[in-house]
Amino acid sequence: MFRADPSPGQNSTSPPPAPSSASGVPSPRASAESGGSQVKRRDAFFDNAKYLAILLVAMGHSWEPLKGDSRVLEGLYMVVYAFHMPAFIIISGFFSRSFDTRPDRLRRLITGVVVPYIVFETAYPLYQRYVGGDADQQISLLSPGYLTWFLCALFVWRLTTPLWKQVRWPLPVALGVAMLASLSPSIGNDLDLQRVLQFLPFFVLGLVMKPEHFQLVRRRSVRIASVPVVAMALCVGWWAVPRMNSDWFYHRDAAQSLAAPWWVGPVMTLALFGCSLVLTACFFAWVPGRRTWFTALGAGTLYGYLLHGFVLKGADYQGWFDHAWLHGPLGEILVAVLAASVVTLLCTGPVRRVFRCVMEPEMKWAFRQDAGEQARERREAQRPQPAKAGSVSA
């Protein structure tokens with residue numbers, strides 16, 4: 001996310017470290033040599049992956065009010081929830097590999113993650129109170145709700161990145177932490193720590209991955225093999241609907257809270273981690289590596305993620321999901337298409353320009369400028385400017 005290492009693009013040249021966006025969302029970039037100078041551009045693969053993942057997130061949320069009426073839809077819902085957030089988190093970890101406590105990176109973490117968290121964690125309860133009619137809804141920054149849990153988790157994960165880079169076996173340790181969390185109901189809901197800890201292995205996996213790992217899953221053989229794997233996953237999802245609690249895929253509860261023996265928590269953590277990795281690899285295998293019409297939208301996925309909740313909640317408050325015809329196959333498809341269209345619109349440039357003040361604020365007034373930055377600015381100011389055409393130089 002902040003100054004990422006080379007990302008697997010279509011270029012044969014080695015890309016330089018990528019700076020992050022102010023939003024705190026990965027800013028995948030690749031490089032190309034042109035005329036002896038480097039011309040940076042975003043890596044289309046990661047932007048495509050983020051956009052397609054956010055489509056699945058929005059469609060999954062739109063299915064929640066409908067899935068109880070269809071075993072097929074609920075099975076599809078379980079399969080999608082097995083990998084859409086893991087894919088997003090792995091990408092986030094991959095672009096967080098170079099994160100450290102340098103002042104400018106800490107400032108971007110605050111403006112791109114903490115500030116949107118505070119804004120939307122305040123806005124959603126107010127929306128629920130005044131639009132949804134829930135007068136008892138309270139604002140609590142310690143209890144992330146609905147969509148804001150990801151920002152809270154991202155903040156914790158990124159702060160611990162330097163620690164994970166020092167651990168000899170980071171992924172096994174992260175899996176051990178997640179397994180312990182799954183059998184610890186006393187963790188509670190503060191900062192949604194259950195999700196933070198149970199999703200942690202995917203972030204750490206992204207930290208330890210290298211560009212060539214993404215290239216491995218994008219081979220033609222993997223793409224072909226992914227078809228029967230996904231078909232089998234859909235069959236298993238259909239079979240599991242009456243036999244398995246879908247709350248396991250949210251990773252927000254300990255085993256005891258899901259009416260299971262304590263030892264089931266660690267077992268399910270490992271089993272779901274393996275299933276999620278397989279399905280995430282299948283997802284990455286089919287993500288286009290070239291620029292497409294939706295590639296540019298990948299830079300605005302945080303906007304789509306945080307804003308689409310207001311649309312879905314509003315539809316729920318208005319009772320739109322109560323129409324009987326929406327609970328049939330055609331209605332479910334229509335809802336999914338509308339959800340995908342809404343989140344696509346929310347990732348576009350005009351929407352980003354409107355909401356940038358709360359999603360990517362600069363807030364220079366709030367931070368001290370360290371001596372190193374001040375020295376760099378003084379050197380830039382003292383550097384002779386190139387003579388303009390038609391001017392006389394000394």
Within segment 94-107, count every residue that is in contact (Cβ under 8 Å) with a residue 12 or more places away in the chain and either aliphatic (A, V, I, L, M) or closer than 24 Å to residue 45 by Cα (or both).
6
Restricting the first residue to segment 117-134 and requiring it to be in contact (Cβ under 8 Å) with a residue 12 or more places away in the chain and at positive phi, which pairs with a second residue that is assigned to a helix (DSSP H, G or I) and of a type outside the set (S, T, N, Q) meet a Cβ separation below 8 Å and a spacing of at least six or different chains?
133/317
Kindly establish whether residue 234 is within 15 Å of residue 176 (Cβ to Cβ), modelled with pLDDT of 95 or more and hydrophobic (A, V, I, L, M, F, W, C).
no
Can you confirm whether segment 158-176 contains a residue that is under 16 Å from the mean Cα position of the chain (by Cα) and under 20 Å from residue 89 (Cα atoms)?
yes
Which condition does residue 254 not pass, out of (1) modelled with pLDDT under 95; (2) over 23 Å from residue 113 (Cα atoms); (3) surrounded by fewer than 17 Cβ atoms within 10 Å (Cβ to Cβ), if it passes all the others?
(3)
How many residues of segment 247-270 are more than 14 Å from residue 177 (Cα to Cα), touching a residue at least 60 places away in the same chain (Cβ under 8 Å) and not in a loop (DSSP other than H, G, I, E, B)? The answer is 5
Among the residues of segment 210-226, write down those that are surrounded by 18 or more Cβ atoms within 10 Å (Cβ to Cβ) and either within 24 Å of residue 265 (Cβ to Cβ) or at pLDDT 95 or above (or both).
226
In segment 286-333, which residue that is more than 18 Å from residue 120 (Cβ to Cβ) and among the β-branched types (Val, Ile, Thr) is surrounded by the fewest Cβ atoms within 10 Å (Cβ to Cβ)?
333
So which residues in segment 335-354 are surrounded by 14 or more Cβ atoms within 10 Å (Cβ to Cβ) and more than 15 Å from residue 297 (Cα to Cα), if there are any at all?
335, 336, 338, 339
If the Cβ limit is 7 Å and pairs must be 6+ apart or interchain, which residue in segment 46-71 that is hydroxyl-bearing (Ser, Thr, Tyr) pairs with which residue that is surrounded by fewer than 19 Cβ atoms within 10 Å (Cβ to Cβ)?
51/294
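To keep it simple, each residue is scored yes or no on (1) at pLDDT 50 or above; (2) under 24 Å from residue 302 (Cβ atoms); (3) not charged (D, E, K, R).
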{"residue": "2", "(1), (2), (3)": "no, yes, yes"}
{"residue": "21", "(1), (2), (3)": "no, yes, yes"}
{"residue": "32", "(1), (2), (3)": "no, no, yes"}
{"residue": "37", "(1), (2), (3)": "no, no, yes"}
{"residue": "69", "(1), (2), (3)": "yes, no, no"}
Whether any residue in segment 271-283 is over 25 Å from residue 93 (Cβ atoms) and assigned to a helix (DSSP H, G or I) is what I want to check.
no
Consider residue 96 against the criteria (1) part of a loop (DSSP other than H, G, I, E, B); (2) surrounded by fewer than 20 Cβ atoms within 10 Å (Cβ to Cβ); (3) within 14 Å of the chain's Cα centre (by Cα): it satisfies all of them except one. Which criterion is unmet?
(2)
Considering residues of segment 140-169 that are aliphatic (A, V, I, L, M), closer than 26 Å to residue 360 by Cα and out of contact with any Phe, Trp or Tyr (no Cβ under 9 Å at 6 or more places or on another chain) only, the residue surrounded by the most Cβ atoms within 10 Å (Cβ to Cβ)
156
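The values are calculated or read from the model by the stated rules, or taken from the named source; none is laboratory data. Because the structure is a prediction, the values reported are computed rather than measured. With ideal geometry, Cβ positions are generated from the backbone for all residues, glycine too; neighbour counts draw on all protein chains shown.
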